[in-house]
Amino acid sequence: MITAEEALAKVLEHTLTSPSISIALENAAGYTLAEDIYADRDFPPFNRVAMDGIAFLFESLEKANSTFPIEAIQFAGEAQKEMHYSLACIEVMTGAVLPLGCDTVIRYEDIRIEEDKGGKLARLTIPVSDIKKGQHIHAQGIDKRAKDILLSKGIRISPAEIAVLATVGKTQVLVQAPPRVAVISTGDELVEVNKTPLAHQIRMSNSYMLASALLPLGIQAKRFHLTDEPEILRERLQEILAQHDVILLSGGVSAGKKDYVPQILRELGVQQLFHKVAQKPGKPFWFGVEASGKAVFALPGNPVSTYLCFCKYALPFISGKISKEQVVLDKAIKFNPPLTYFVPAMSYFKEGIHYANPFEGSGSGDFANLTQCDGFIELPADKSYFEVGEVFTFIRFRS
Ligand code: AMP
Ligand code: MG
């Protein structure tokens, strides 16, 4: 039997497969980029004036005696102008092209504009030695050169990436489609939530729980329920596999006489990567991958086991994020079996320290208790006594 750590590593050796789709730039935030993005021109595309003021030729400083006749104004959005008299200057605005014949900018704060024989001149109000050649110019291509790679596929698109995409004119962006996820509950004892169960039946809750856990990721999972009949399982699982990228099953993976799920998945060509993990709850967890990369998580049916296995294994696989959160245990726990013990707990802050209060309850079927908790404390398998004040990993399921 593999350890919880090995099981997670095996799951994460595989990557989510889902088709690429083209979507409008406006809707691309939050998606994963599925193409590399290159600069279509230099960044900035011209020598860009970075301060409102005047542009002039640095060489002329010595001869100019701190005054420069103003030849013209260069506004942002105007085609490049040319300075004709080398001892003159041109007024320039932020975002404008640096005029031809100029190489340096001085801010309005450092000059005074004066009337001069029908024209205007700019007079320096700071020492000449304070001016550096090329100052206040955002030089062409200094950030990126045309054809440089700007964004690599695989990154998550945030507003900063949206700005880059807009700048290079991508009105349509190739992104990874959200995976098509099927959530399947199994079990002859389960009835739909709108039915009144008979004495020997219960309402199904797992598929609703898992489907709702995927909504914040932008995934609208499809829910199914299958009874514990091998023919039905085989036929329906084959159809569902064909139409989805990730399958989350619950129930039917333990040692019961009607626990057919692992065997049928293998018969359908899903390669078993492990069955049973040295953990409590969720020991019977099964995981496999189909030839084209579709992942199948067959989780034990007890709702707490289902949820733990989902949070610990399926969610990192689907979201690409693994929690590194740690908590300080606030109550001692004794647990003998050589299994990783995931204990539901409520975390809290006290004097800046992040504690968790374990809630051992009555085992893996004890789902109602999870409503009093915000995560699982992960207690390692190689110890039996867990003392107050020790630090452990926390798998948060509620923020
Ligand atoms: P199994 O893993 O199929 O042996 O199921 C273990 C326990 O979980 C049994 O008591 C089932 O009735 C219960 N269970 C299985 N699936 C669900 C479900 N979808 N909702 C609620 N309880 C379930
Ligand atoms: Mg069952």
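The values are calculated or read from the model by the stated rules, or taken from the named source; none is laboratory data. Here the structure is a predicted model, which means the values were calculated and not measured. Here Cβ is always computed from backbone atoms with ideal geometry, including for glycine, and neighbour counts include all displayed protein chains. Remember, those area values only see protein heavy atoms, side chains included, never the ligands or the DNA or RNA. Shrake-Rupley method; radii C 1.70, N 1.55, O 1.52, S 1.80 Å.
Take Arg112: with every protein chain present and a 1.4 Å probe, its accessible area is about 120 Å².
Overall shape of region 48-138 was characterised from the C-alpha gyration tensor. The equivalent ellipsoid obtained from it has semi-axes of 18, 15, 12 Å, in decreasing order. Size of the chain from its Cα atoms: along the principal axes, largest to smallest, the extents are 104, 51, 38 Å. Excluding ligands, DNA and RNA, the accessible surface per residue across region 244-399 is 43 Å² with a 1.4 Å probe.
Which FRET efficiency value, to the nearest 0.05, is calculated for Asp148 and Lys258 with the Förster distance at 41 angstrom and r the Cβ-Cβ distance?
0.10
Taking 7 Å steps out from each Cα toward its Cβ at Ser66 and Glu26 produces label points 5.5 nm apart. Restriction of the GluC sites (Glu not before Pro) in region 1-71 to DSSP coil positions whose beta-carbon has at most 12 other beta-carbons within 10 angstrom yields Glu13.
Between Asn336 and Leu198, what is the FRET efficiency for a Förster distance of 30 Å, r being their Cβ-Cβ separation, to the nearest 0.05? Mind dumping the intermediate values first?
Working: r = 39 Å, r/R0 = 1.30.
Efficiency, from the Cβ-Cβ distance: 0.15.
What shape does region 201-310 have by the C-alpha gyration tensor, where a ≥ b ≥ c are the square roots of the eigenvalues, rounded means a/c under 1.5, and otherwise prolate means a/b greater than b/c and oblate the rest? Verdict is rounded for region 201-310. On a 0 to 90° scale, report how tilted helix 230-243 is relative to the longest principal axis of the chain, with both axes built from alpha carbons and the result rounded to the nearest 10. Value to nearest ten degrees: 0.
Once R0 is set to 30 Å, what does the formula 1/(1 + (r/R0)^6) return for the Cβ-Cβ distance between Thr94 and Phe349, expressed as a FRET efficiency to the nearest 0.05? Before the final figure, lay out each step's value.
Numbers: r = 46 Å, r/R0 = 1.52.
It comes to 0.10.
Report, in debye and to the nearest 20, how large the dipole of the chain comes out about its Cα centre when Lys and Arg carry +1 and Asp and Glu carry -1 on their Cβ.
On the way: 41 positive and 47 negative charges, 159 e Å.
Approximately 760 debye in magnitude.
Taking a sphere under 13 Å around the Cβ of Val246 and counting the other residues whose Cβ falls inside, with K and R at +1 and D and E at -1, yields a net charge of +1.
Could you report region 48-138's accessible area per residue, 1.4 Å probe, as an integer in Å²?
Working: 4900 Å² over 91 residues.
I get 54 Å² per residue for region 48-138.
Rounded is the label for region 318-399. Its Cα gyration tensor axes, ordered a ≥ b ≥ c, give a/c under 1.5. Counting protein heavy atoms only, region 211-330 has 49 percent of its accessible area on carbon and sulfur, 1.4 angstrom probe.
From its DSSP helices (H runs of at least four residues, each -39,500 (n - 2.57)), the chain gives a residue-normalised ellipticity at 222 nm of -4500 deg cm²/dmol.
Each of Asn206, Phe394, Ile90 was placed along the dipole of the chain (beta-carbon charges, centred on the mean Cα), and the one lying farthest toward the positive end is Asn206.
Calculate what fraction, in whole %, of the accessible area of region 48-138 sits on carbon and sulfur atoms when a 1.4 Å probe is rolled over the protein chains.
Details: 2510 of 4900 Å².
Heavy-atom surface of region 48-138 belonging to carbon and sulfur, 1.4 Å probe: 51 percent.
The peptide list 346-353, 153-160, put in order of mean Cβ contacts within 10 Å with the highest first, becomes 153-160, 346-353. Distance between the pseudo-spin-label points of Glu6 and Glu239 (7 Å out from Cα toward the beta carbon): 3.8 nm.
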